[in-house]
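Undergrad: The structure is given below, and queries will be raised subsequently.
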Amino acid sequence: MTYSGLYSTDIIRFLQRHHYTQVHPAAALIDMDGTLYDSMKSHTAAWHRMVTELGIEADRDEFYLYEGRTGASTINLIFNRAYGRDASPEEIEELYHRKTVYFAELPPVKPMPGAREMLDFMAAVGMKRVLVTGSGQNTLLNRLDSDYPGAFLPGMRVTSRDVKLGKPHPEPYIRAMQIAGVSPSQSIVVENAPLGVEAGDRAGAFTVGITTGPIPRKTLEDAGAAIVFDSMAAFANALPALTYDLIMTKIDR
Ligand code: MG
């Protein structure tokens, strides 16, 4: 008899699209900003302040769409729009530094509700956990060990310093799979941003989209999310059943 669980329809659609017979989740590759931390409001405020101080017009919410890019990539995007050229390495360094200073001046961001429960469940079932972030900002990277003790072991982190091509390129997630020693069909990606979802799906992972900001669920679905949850807490609650359904749902080829 064919197994059919609550999430089987979404899972089968993903399996068909990627030509897999099954997902066996052995590793979770987890984004940081807007996923582990409720930090996107502060990031967008810091970007907006830095860019408008340059005399470049920008919409605050547009920075939600660039989430996942490296700092250099976002600066180049803005420079090309305003000046028709890339920023120099010196400009990138100075402007990204200024953005991180503005970020650090804002009230400390809080861990995302539900994230700890998600990480605890993954640990309990033996799923490896790898951090995958486009960020290189120590403000948050240095807090991981105290906010999520033991969740991301040394070496189990991919940051902007470890990749040439940031999200939406699949490189960060492919790197994370190599670190964890898993194949794409053994991976689940947890992401809140359209570019991050695109990177996870292009890397071949079962990519879970979480809406934790103003980006609507449809945008995450269009970016390639296999399934979308409305909050980290909702995802954490659903994760045991979703994991069971992933293991049990197969298609014949
Ligand atoms: Mg994010």
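Undergrad: Treating cross-link reach as a plain straight distance, find the lysines whose alpha-carbon is under 23 Å from the alpha-carbon of LYS218, omitting any fewer than eight places away in the same chain.
TA: Reachable lysines: LYS41, LYS167.
Undergrad: Leaving out ligands, DNA and RNA but keeping every protein chain, what accessible area does ARG98 have, in Å² rounded to the nearest 10, with a 1.4 Å probe?
TA: Solvent-accessible area, nearest 10 Å²: 60 Å².
Undergrad: For the stretch 51-133, what is the accessible area per residue in Å² when the probe is 1.4 Å?
TA: 53 Å²
Undergrad: Compare the peptides 49-57, 123-131 by average per-residue count of other Cβ atoms within 10 angstrom and give them in order, highest first. Working shown, then result.
TA: Working: 49-57: 14.3, 123-131: 17.0.
Highest-to-lowest ranking by the protection proxy: 123-131, 49-57.
Undergrad: Expressed as an acute angle from 0 to 90° and rounded to the nearest 10, what is the orientation of the C-alpha long axis of helix 71-83 relative to the principal long axis of the chain?
TA: Result, in degrees: 50.
Undergrad: Using the Cα centre as the reference, give the magnitude of the dipole from point charges on the C-beta atoms of the chain (Lys, Arg: +1; Asp, Glu: -1; all else neutral), rounded to the nearest 20 debye. Walk me through the numbers on the way to the answer.
TA: Numbers: 25 positive and 30 negative charges, 109 e Å.
Value, rounded to 20: 520 debye.
Undergrad: Can you give me the relative contact order of the stretch 40-105 as a percent, contacts being Cα pairs under 8 Å and 6 or more apart? Walk me through the intermediate numbers first.
TA: On the way: 46 pairs, mean separation 26.1, N = 66.
With pairs under 8 Å counted, the relative contact order is 40 percent.
Undergrad: Determine the distance separating the Cα centre of the stretch 39-75 from the Cα centre of the stretch 178-211; give it in Å without decimals.
TA: When both Cα centres are located, 24 Å separates them.
Undergrad: Quick check: the angle from helix 171-180's long axis to the longest principal axis of the chain, C-alpha only, nearest 10 degrees?
TA: 50 degrees
Undergrad: Only bridges with both residues in the chain count here: give the DSSP antiparallel percent, nearest 5. If you can, show how the numbers build up before the last one.
TA: On the way: 1 of 20 bridges.
In the chain, DSSP labels about 5 percent of beta bridges as antiparallel.
Undergrad: Relative contact order of the chain, please, whole-number percent, based on alpha carbon pairs below 8 angstrom and at least 6 residues apart. Each step should come with its number before you reach the end.
TA: Numbers: 440 pairs, mean separation 77.5, N = 253.
31 percent.
Undergrad: Sort 18-29, 218-229 by packing, meaning the average of other beta carbons within 10 Å per residue, with the highest value first. Walk me through the numbers on the way to the answer.
TA: On the way: 18-29: 18.7, 218-229: 20.3.
Peptide ranking by packing, descending: 218-229, 18-29.
The values are calculated or read from the model by the stated rules, or taken from the named source; none is laboratory data. Predicted model, so just to flag it, every value in this text is computed and none were measured. Every residue, glycine among them, receives a Cβ derived from its backbone with ideal geometry; neighbour counts consider all protein chains shown. For the accessible areas, the whole protein counts, side chains as well, though only heavy atoms, and no ligand, DNA or RNA atoms are used. Shrake-Rupley method; radii C 1.70, N 1.55, O 1.52, S 1.80 Å.
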